[in-house]
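Have a look at this one before I ask anything.
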Amino acid sequence: MEHSASDSETEDHVQPLLRRKDTGNNQKGSRTLTMNAYYVFIKIYNFDPYNVFLAIAKNIPQRLKTGFVLQGHIFSSMSQQASVYDWDSETQGWILGSFFYGYILTQIPGGYLARKYGAKWLFGIGILCTVIFTLLTPVAADLGAGYLIAVRVLEGIGEGVSYPAMHAMWASWAPPLERSRLLTISYTGAQLGTVVALPLSGQICFYLDWTYVFYIFGAVGLHWFVLWAYFVSNSPSLHKRISEDEKTYIMASLKNELSPTTDYIPWTSILKSLPLWAIVVAHFSYNWTFYTLLTLLPTYMNDILGFSIQQNGMLSALPYLGCWLLALLGGQLADLLREKYLIRTVIVRKAFTIVGMVGPAVFLVAAGYTGCNYVLAIAFLTLSSSLGGVSASGFNINHLDIAPSYAGILLGITNSFATIPGMVGPVIARSLTKSNTIPEWQIVFYISAAINIFGAVFFTIFGKGTLQPWAVQRIHIR
């Protein structure tokens, strides 16, 4: 007799705990599950601004004598005490990219360690390291660009374990029919963090100085770490405040999906898995557009559209607000389709990936033909970014569908490839827009759109929604 992987598509559709109407312990249990999502959400909410470095430069307009550049947005400051630095564009490029060089190093090790030893402390300590180095950023900047680059690399190393660890933790916490809504609740903090941090950082810099951006967010990060250490557990079986109903429900829903041992990792089967490579291609493609827009959109708005982001901070955050909103709604809809209408997981994942990648491609190309009409351009770019949020319930969480036991490792692999666009995409885009003309930007948008569509097509052809045979170790009973 042998214990083998079960097909989550054929399991009984038991009503998820979060949607039950019972009173008593079930309500208490559902709060435990949502609180876990909440604390992961708070983490991303606090630290997304650190993924895009605050490059402080002296070569800014003279009228902004004291200021800094955030994601390409120039903010002035009332304070005359803030330091400014005379770094050339090449140095600034190294500073901006240094985070990713550290970030890519700990993706796969992060997934492996989370699988082997549990995700709670790996995740928490990784973020704590990011907090510490964030607080040290102003000091490092004063010491010189080399010190700042080193701090940014170390931040990336700490932050690199976060997403693989989160995926590994959700593998033990998220019932199959609730994965879309729980993961989108937690992961969409990245978009909301940008929405809040961008205008807030501008205000902090204007009324204080740029160093307080790091100090204030760093202090909030320390507070988050205390909450994380106290409230979160690696699994339902280790949680001290979970109800028996919720514990039984979660563990029963995952009993045929998780490998019974943490010692065995089928590396060969993982690397030969075509469904995994479908996620890799989709993840790489999506991030190409994401990082290109994240780093160069401000330049496009300022130089081509003549749009002042400092004066319209909230408007500039609309793309991220839309992405956050549609990702949340998409998570609810995805699980509703699977739970109530019994639509197969693979169909849901592919449909949401197509909408979340082809839709942005269409509106991104359209934005290149708006001329200098910044209202229409922002509308198209907002639609492009917003529709991208739909993919959060597509390829983005497909790792948990095909191999929940190894979800952290799988995300480490896909995110390693998906980090490459953050290093090379903006560089290529800059090289294509040396003259900052509309035709040059149209080329950039066409390239990003084509890569997005290719990723969607590849995932649609080769993606899967069921537990793969190698994902649960077979145990032979003699």
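The values are calculated or read from the model by the stated rules, or taken from the named source; none is laboratory data. Note that the coordinates shown come from a computational prediction; the quantities given were computed from them, not determined experimentally. Because the Cβ atoms are built from the backbone with ideal geometry, glycine has one as well, and the counts that use them run over all protein chains shown. Each accessible area value is taken on the protein alone, full model and side chains, heavy atoms only, with ligands, DNA and RNA left out. Shrake-Rupley method; radii C 1.70, N 1.55, O 1.52, S 1.80 Å.
Could you pull out every one of the helices (runs of 4 or more DSSP H) wholly within the range 191-303 that has 3 or more residues that are out of contact with any Phe, Trp or Tyr (no Cβ under 7 Å at 6 or more places or on another chain) and under 30 Å from Ser448 (Cα atoms)?
Because the criterion is at least 3 residues that are out of contact with any Phe, Trp or Tyr (no Cβ under 7 Å at 6 or more places or on another chain) and under 30 Å from Ser448 (Cα atoms), the helices (runs of 4 or more DSSP H) in the range 191-303 that meet it are 274-299.
How many residues are open to solvent by 50 Å² or more (accessible area, probe 1.4 Å) and of a type outside the set (A, V, I, L, M) when one looks only at the range 257-273?
Going through the range 257-273 one residue at a time, the tally reaches 7.
Can you pull out the residues in the range 197-212 that are within 21 Å of the chain's Cα centre (by Cα) and touching a residue at least 12 places away in the same chain (Cβ under 8 Å)? So that I can check it myself, show each step before the final result.
Taking the range 197-212 first, the residues within 21 Å of the chain's Cα centre (by Cα) are 197-201.
Across the range 197-212, the qualifying residues are Ala197, Leu198, Pro199, Ser201.
So the check is Cβ under 9 Å with 6+ separation or different chains; which pairs have a first residue in the range 233-251 that's loosely packed, with under 15 Cβ neighbours inside 10 Å and a second one that's of a type in the set (Lys, Arg)?
Going by the 9 Å Cβ cut-off, the qualifying pairs are Ser237/Lys247; Leu238/Lys120; Arg241/Lys28.
Also, quick follow-up: Among the residues in the range 417-427, are any modelled with pLDDT of 95 or more, of a type outside the set (Ser, Thr, Tyr) and at negative phi?
Yes, that holds for at least one residue.
If I ask for residues that are among the polar types (S, T, N, Q) and open to solvent by less than 20 Å² (accessible area, probe 1.4 Å), which ones from the range 170-184 would you list?
Step one: of the range 170-184, the residues among the polar types (S, T, N, Q) are 172, 180, 184.
Within the range 170-184, Ser180, Thr184 qualify.
Is it the case that some residue within the range 170-190 is part of a loop (DSSP other than H, G, I, E, B), in contact (Cβ under 8 Å) with a residue 12 or more places away in the chain and either among the aromatic types (Phe, Trp, Tyr) or more than 21 Å from Ser405 (Cα to Cα) (or both)? Break it down stepwise before answering.
We begin by selecting, within the range 170-190, every residue part of a loop (DSSP other than H, G, I, E, B); these are 174-175, 188.
Now narrow it down to the ones that are in contact (Cβ under 8 Å) with a residue 12 or more places away in the chain: 174-175, 188.
Now drop any that are not either among the aromatic types (Phe, Trp, Tyr) or more than 21 Å from Ser405 (Cα to Cα) (or both), which leaves 188.
Yes: the range 170-190 contains one or more residues that are part of a loop (DSSP other than H, G, I, E, B), in contact (Cβ under 8 Å) with a residue 12 or more places away in the chain and either among the aromatic types (Phe, Trp, Tyr) or more than 21 Å from Ser405 (Cα to Cα) (or both).
Please go through the range 191-213 and give me each residue that is open to solvent by less than 10 Å² (accessible area, probe 1.4 Å), touching a helix residue (DSSP H, G or I) at 6+ places or on another chain (Cβ under 7 Å) and under 18 Å from Pro138 (Cβ atoms), ordered by number.
Ala197, Ser201, Gly202, Cys205, Val213
If Leu222 passes every condition in (1) over 19 Å from the mean Cα position of the chain (by Cα); (2) at pLDDT below 90 but one, which one does it miss?
So the condition that Leu222 fails would be (2).
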